[in-house]
């Protein structure tokens, strides 16, 4: 039985690494990044219609995961996210 959270194939052991990778893949697959040559951050902040709702949901989930690292109550409840 494993007492730690397994991380995806990247081997990244930082908290919220799975959500980070999913958000990165989602943003890099959008037309905003591929065709318009904008950065992923610019695409998220500009509310470009080519960015799917899934990417915005992953951004919110990533934010909640990072915020839960600062909350002392989460030591008992566990991290949100993956």
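Taken together, the values in this text are just the output of simple stated rules run on the coordinates, not laboratory data. All values derive from a computational prediction rather than experimental measurement. With ideal geometry, Cβ positions are generated from the backbone for all residues, glycine too; neighbour counts draw on all protein chains shown.
Packing-wise, with mean Cβ within 10 Å as the measure, how do 45-54, 29-38 rank, highest first?
Peptide ranking by packing, descending: 29-38, 45-54.
Mind ordering 15-23, 61-69 by average Cβ neighbours within 10 Å, highest first?
Order by mean packing, descending: 15-23, 61-69.
First obtain the Kirkwood hydrodynamic radius of the stretch 17-77 from its Cα pairs, then insert it into the Stokes-Einstein equation at 10 °C and 1.306 mPa s, and state the resulting D in µm² per second as a whole number.
In µm²/s, the coefficient is 128.
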